[in-house]
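Colleague: Okay, here's the structure, questions in a sec.
Each reported figure results from applying straightforward, stated rules to the coordinates on display, with no laboratory input. Since the structure is predicted, the reported quantities are computational estimates derived from the model, not experimental observations. Here Cβ is always computed from backbone atoms with ideal geometry, including for glycine, and neighbour counts include all displayed protein chains.
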Amino acid sequence: MPKSSTKRLYLIPILSKALDILELLQQEDKPMALEAIYQRTRISKTTVYRILKTFVHRGYLAQSQGGLYRLVSRPRKVRFGFAKQSAEMPFSEAVAASLQAAADQAGVDLTILDNRYDGATAVKVAEEFIQKRVDLVIEFQIDQQVAPIIADKIAAAGIPLVALDIPHPHATYFGVDNYRVGVEAGELLAEQAMRHWGQKVDWVLGLDIEEAGPLVQSRITGAFQGIRGKLPELPVESYVRMDTRGMRERSRKMIADFLNRHPKDKHILIAAATDTGALGALEAVRELKREKHVFLAGQDCIPEALEEIRKPGSPWLGSVSHEAASYGPRLIQLGLSILRGQTVAPYNHVEHKLVTRETLKVDGAPNTL
């Protein structure tokens with residue numbers, strides 16, 4: 001059998017004719033009558049008629065009262081852009097995974113780009129989303145100084161913006177109640193000091209993220225207030241905030257330096273704005289063999305933190321779970337509501353819960369990642 005005949009066996013003649021008609025209408029880009037389509041394609045008029053009626057039935061074509069056929073714009077998927085905080089931050093990756101799963105389920109086309117925990121990169125990522133003409137941007141970046149720049153660019157492009165954890169102008173806020181999660185971590189630390197140290201505390205250290213701005217900093221403000229509420233006699237000089245940027249190595253170095261400068265102090269509480277920063281603090285505590293002198297609490301409930309909390313005798317008392325797995329479904333729902341023109345709350349808080357060694361024994365691992 002000739003080679004050309006073999007190739008023809010793989011074609012579907014009626015489908016080829018249907019595509020010829022569709023491509024003709026695309027090329028002409030104007031309504032056409034059945035007779036004109038027949039004259040241009042030389043496909044039998046009966047076949048042309050049946051193909052046209054099938055396309056109309058399936059929504060690819062519309063037929064006017066005058067009998068003309070035109071292409072109908074097919075509805076495309078809604079496109080969201082998610083600027084994740086950093087591929088190196090476990091909580092950011094957990095949020096990204098949750099959002100991708102929810103987008104797939106809802107039929108939303110999701111583009112994920114990495115802000116790399118850097119303000120200048122976050123601005124470039126916002127510009128890329130504008131070039132891609134996404135329908136909505138979900139922004140998760142750490143630098144409050146560039147928040148107005150990002151928000152202004154996105155607003156100028158007419159794109160709705162949802163901001164995670166850090167408020168941005170023109171944006172709908174989504175994230176934890178930063179002050180309240182801090183209070184709960186602080187109360188946990190104070191209760192442990194009361195139980196084991198007879199209320200004696202030498203220092204209260206807050207591992208802060210200054211560039212994130214006042215709202216995220218209120219995690220440490222809340223932690224200090226939670227401790228003051230239970231240990232009101234502690235002098236204000238006992239409270240020290242450190243700008244560790246929520247980073248592991250920076251936290252390790254700063255805590256190691258502090259402990260080396262205070263070798264005789266044996267009652268130190270550490271409240272960290274992130275579990276990543278808390279892990280660095282814990283490394284310093286262990287390197288200097290000061291585990292018995294420190295109690296520590298974090299935020300986010302990343303897997304490494306949960307493993308540490310489970311260990312008997314660990315100075316890490318607990319972490320506040322921000323329920324990363326719940327972010328995706330709620331963000332997709334929120335974004336679609338905004339695009340439909342529905343009224344949404346300016347601040348949308350996720351549920352959180354305090355996770356300790358005791359709660360892990362009762363409930364098992366929380367559904368966080």
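Colleague: Can you run phi through the Karplus equation (6.51, -1.76, 1.60; θ = phi - 60°) for the range 297-310 and list ³J(HN,Hα) in whole Hz, with x for Gly and Pro?
Modeller: Result, rounded to whole Hz: 9, x, 9, 3, 6, 6, x, 5, 5, 4, 4, 5, 4, 5.
Colleague: At 222 nm, what value in deg cm²/dmol follows for the chain if DSSP H runs of at least 4 each add -39500 (n - 2.57) and the sum is divided by all its residues, to the nearest 500? Mind dumping the intermediate values first?
Modeller: Working: 14 runs with 176 residues, N = 369.
It comes out at -15000 deg cm²/dmol, rounded to the nearest 500.
Colleague: Tell me, what ³J(HN,Hα) does each residue in the range 269-281 have, in order and in whole Hz, if you take phi through Karplus 6.51 cos²θ - 1.76 cosθ + 1.60 with θ = phi - 60° and put x for Gly and Pro?
Modeller: These are the phi-based 3J(HN,Hα) values: 9, 10, 10, 10, 6, 9, 5, 4, x, 5, 5, x, 4 Hz.
Colleague: Still on this model: Hey, what do the phi angles of the range 179-195 turn into as Karplus ³J(HN,Hα) couplings, whole Hz, using 6.51/-1.76/1.60 and θ = phi - 60°, x for Gly and Pro?
Modeller: My calculation for the range 179-195 gives 5, 5, 5, x, 4, 5, 5, x, 5, 4, 5, 5, 5, 5, 5, 5, 6 Hz in order.
Colleague: I've got another one for you. Would you calculate the separation in nanometres between label points at residue 45 and residue 128, each defined as 7 Å from the Cα along the Cα-to-beta-carbon direction?
Modeller: The answer from the label model is 5.6 nm.
Colleague: Separate question: What area, in nm² and to one decimal, does the C-alpha convex hull of the chain cast on average over all directions? Mind showing how you got there, number by number?
Modeller: Values: hull surface 110.3 nm².
So the Cα hull casts an average projection of 27.6 nm².
Colleague: As a test of understanding, state the convex hull volume per residue of the range 13-71 from its alpha carbons, in Å³. Working shown, then result.
Modeller: Numbers: hull volume 4.1 nm³, N = 59.
Spelled out: Cα convex hull of the range 13-71, divided by residues, is 70 Å³.
Colleague: List 32, 194, 89 from most exposed to least, where exposure is judged by having the fewest other Cβ atoms within 10 Å.
Modeller: 194, 32, 89
Colleague: Let me ask something else. Once the piece of chain linking residue 250 and residue 265 is laid out straight, how much longer is it, given 0.36 nm per residue of separation minus the C-alpha distance between them? Could you put the intermediate results ahead of the total?
Modeller: On the way: separation 15, 0.36 × 15 = 5.40 nm, distance 2.19 nm.
Full extension from residue 250 to residue 265 adds 3.2 nm.
Colleague: Could you size up the charge dipole of the chain around its Cα centre, putting +1 on the beta carbon of Lys and Arg and -1 on that of Asp and Glu, and report it in debye to the nearest 20? Walk me through the numbers on the way to the answer.
Modeller: Values: 48 positive and 44 negative charges, 390 e Å.
The dipole magnitude comes to about 1880 debye.
Colleague: For the residue pair residue 156 and residue 361, what label-to-label distance in nm results when each label sits 7 Å from Cα along the Cα-to-beta-carbon direction?
Modeller: The two pseudo-label positions are separated by 5.9 nm.
Colleague: Okay, moving on. When the label point is put 7 Å from the Cα of residue 343 along its Cα-to-beta-carbon vector, which residues of the range 144-185 have a backbone N closer than 12 Å?
Modeller: none
Colleague: Just how large is the dipole of the range 13-71 about the Cα centre, in debye to the nearest 20, putting +1 at every Lys and Arg Cβ and -1 at every Asp and Glu Cβ? List each step's numbers first, then the result.
Modeller: Values: 9 positive and 5 negative charges, 42 e Å.
So the dipole magnitude of the range 13-71 works out to roughly 200 debye.
Colleague: Follow-up. Straight distance only, please: which lysines reach the Cα of residue 292 with their own Cα at less than 29 Å, same-chain residues fewer than 8 apart left out?
Modeller: 200, 230, 253, 264, 266, 311, 353, 361
Colleague: Ranked highest first by average number of other Cβ atoms within 10 Å, how do 160-172, 144-156, 271-283, 332-344 line up?
Modeller: Details: 160-172: 21.2, 144-156: 17.7, 271-283: 27.5, 332-344: 14.8.
Ranking the peptides 160-172, 144-156, 271-283, 332-344 by packing returns 271-283, 160-172, 144-156, 332-344.
Colleague: Hey, rough spin-label estimate for residue 228 and residue 310, points 7 angstrom out along Cα→Cβ, what's it come to in nanometres?
Modeller: 3.8
Colleague: Once fully extended, how much extra length lies between residue 292 and residue 64, figured as 0.36 nm per residue of separation less the alpha-carbon to alpha-carbon distance? Don't skip to the end; give the middle numbers.
Modeller: On the way: separation 228, 0.36 × 228 = 82.08 nm, distance 8.19 nm.
Result for the pair: 73.9 nm of gain on full extension.
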